[in-house]
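Below: one structure, written as structure tokens.
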Amino acid sequence: MTHETPLPPRRPRTFWSQSVAIRATFAAAAAATFPQAAQAYIGPGAGLTALGTVIALILALGLAVVGFVWYPLKRLRRKRKRASDGDKADRAPE
């Protein structure tokens, strides 16, 4: 016979700890969605660098979709076509 030791009772979350977490989350979201003026100058070099980075990120995500989704589907279609062409060749009268 095995003797199982009971687990210690879990301390339930109190209302205070939940409300503090919720308030902190809403405060962080509000701070992020209501920005203030930065009073900073972004020169043309930094602006073009930021624009180029965004474009490169979008293109990289697009190529990732093509690589992980389109090419396996393309191979699957080609494999099915070859299989069906082989079936048609077997059925052809001689």
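Mind checking which residues of the range 27-45 are of a type outside the set (S, T, N, Q) and exposed (fewer than 10 other Cβ atoms within 10 Å of the Cβ)?
So the first thing to find is which residues in the range 27-45 are of a type outside the set (S, T, N, Q), and the list is 27-32, 34-35, 37-38, 40-45.
Selection gives 30, 32, 34, 35, 37, 38, 40, 41, 43, 44, 45.
Scanning for something small (Gly, Ala, Ser), surrounded by 10 or more Cβ atoms within 10 Å (Cβ to Cβ) and at pLDDT 85 or above, does the range 4-25 turn up at least one residue? Scanning the range 4-25, I find at least one residue that is small (Gly, Ala, Ser), surrounded by 10 or more Cβ atoms within 10 Å (Cβ to Cβ) and at pLDDT 85 or above, so the answer is yes.
The values are calculated or read from the model by the stated rules, or taken from the named source; none is laboratory data. All values derive from a computational prediction rather than experimental measurement. Glycine also receives a Cβ, built like all others from the backbone with ideal geometry; neighbour counts cover every protein chain displayed.
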